[in-house]
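For reference, the structure is listed below as structure tokens.
The values are calculated or read from the model by the stated rules, or taken from the named source; none is laboratory data. Quick caveat: nothing in here was measured; it's all calculated off a predicted structure. Here the Cβ positions follow ideal geometry from the backbone for every residue, glycine too, while neighbour counts run over all protein chains shown.
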Amino acid sequence: MLSRKRGMGHRRERHRDAAGDLARCYNRLTKAGKEASAMPEPLKFHVCDTDRGWVGLVFSPHGLRATTVPGSSRDEALRRVMEMGAGEPASDADLADIPERIRALASGRYANLALHIDWDGISPFRRTVLEETMRIPAGETRSYGWLAAKVGRPRAARAVGRVMATNPLPLVVPCHRVVGSDGGLTGYGGGLAMKEALLRAEGARWPAEPRGNA
């Protein structure tokens with residue numbers, strides 16, 4: 001009888017040890033998963049020459065993450081994409097025909113913008129404004145006030161202006177088509193001369209006649 005009780009005790013101890021091993025294994029896997037999810041996603045880059053200058057492109061595993069405004073040199077575009085955290089060149093599979101579309105946009109030609117865009121880190125309001133900006137036809141302009149009203153925030157013209165000022169995808173999201181209520185140019189990351197050049201390349205009349213009030 002005593003030996004039987006001892007055998008049962010040993011079995012219970014083995015069960016407890018096995019359960020402890022499973023718990024420790026689960027904890028290690030959970031910790032590894034959290035650490036992996038906390039690691040920044042690898043970003044890749046490409047720079048392409050356009051009619052307006054060199055443009056840098058940044059890709060995440062989920063699509064096009066960012067573009068730079070056209071710059072005067074390849075080195076400048078490369079420096080900007082590096083500052084965004086891109087660490088290795090994009091492959092041909094990553095690029096597809098995106099550089100050609102960017103060149104078309106910079107030269108004022110319409111391009112099919114059915115791109116995979118990575119909106120990670122963009123707030124719902126910013127994304128709504130940026131997506132609405134993408135619907136402004138080439139060669140036309142809209143005011144900040146018009147854009148604010150279009151996204152259901154008619155009193156948020158200033159907030160819309162801040163979204164345009166921090167646009168992560170110049171050219172793809174054509175913030176150069178958003179102007180003041182009087183048609184006058186306002187700030188642009190590439191400078192007002194670049195903003196005007198992009199509008200003229202698209203055939204916009206100058207001075208512009210935007211719809212809506214800023």
So which of ALA114, ALA86 ends up being at pLDDT below 95 and either of a type outside the set (Phe, Trp, Tyr) or in a loop (DSSP other than H, G, I, E, B) (or both)?
-> ALA114
Working carefully through the options GLY161, GLY145, find the one that is under 24 Å from ARG80 (Cα atoms) and buried (at least 17 other Cβ atoms within 10 Å of the Cβ).
-> GLY161
Go through the residues of segment 192-202 one by one and say whether even a single one is within 21 Å of LEU57 (Cα to Cα) and either crowded, with 20+ Cβ neighbours inside 10 Å or in contact with a strand residue (DSSP E or B) (Cβ under 6 Å, 6 or more places away or on another chain) (or both).
-> yes
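The rows are residues; the columns are (1) hydrophobic (A, V, I, L, M, F, W, C); (2) crowded, with 20+ Cβ neighbours inside 10 Å; (3) within 30 Å of ALA93 (Cα to Cα); (4) at pLDDT below 95.
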{"site": "ARG11", "(1), (2), (3), (4)": "no, no, no, yes"}
{"site": "ALA18", "(1), (2), (3), (4)": "yes, no, no, yes"}
{"site": "ARG24", "(1), (2), (3), (4)": "no, no, no, yes"}
{"site": "ALA36", "(1), (2), (3), (4)": "yes, no, yes, yes"}
{"site": "GLY53", "(1), (2), (3), (4)": "no, no, yes, no"}
{"site": "ALA66", "(1), (2), (3), (4)": "yes, yes, yes, no"}
Filter result (more than 23 Å from GLU202 (Cα to Cα) and of a type in the set (A, V, I, L, M, F, W, C)) within segment 161-186 | none
Is there a residue being of a type in the set (Asp, Glu), in contact with a Phe, Trp or Tyr (Cβ under 9 Å, 6 or more places away or on another chain) and not in a helix (DSSP H, G or I) anywhere in segment 44-57?
-> no
Please verify whether segment 98-120 includes one or more residues that are in contact (Cβ under 8 Å) with a residue 40 or more places away in the chain, closer than 26 Å to ARG158 by Cβ, surrounded by 14 or more Cβ atoms within 10 Å (Cβ to Cβ) and within 14 Å of the chain's Cα centre (by Cα).
-> yes
Filter segment 167-185 for residues that are out of contact with any Asp or Glu (no Cβ under 9 Å at 6 or more places or on another chain) and touching a residue at least 40 places away in the same chain (Cβ under 8 Å); which is farthest from ARG103 (Cα to Cα)?
-> VAL178
Counting only residues in segment 62-83 that are part of a loop (DSSP other than H, G, I, E, B) and in contact (Cβ under 8 Å) with a residue 24 or more places away in the chain, the one nearest to GLY189 (Cα to Cα) is identified as VAL69
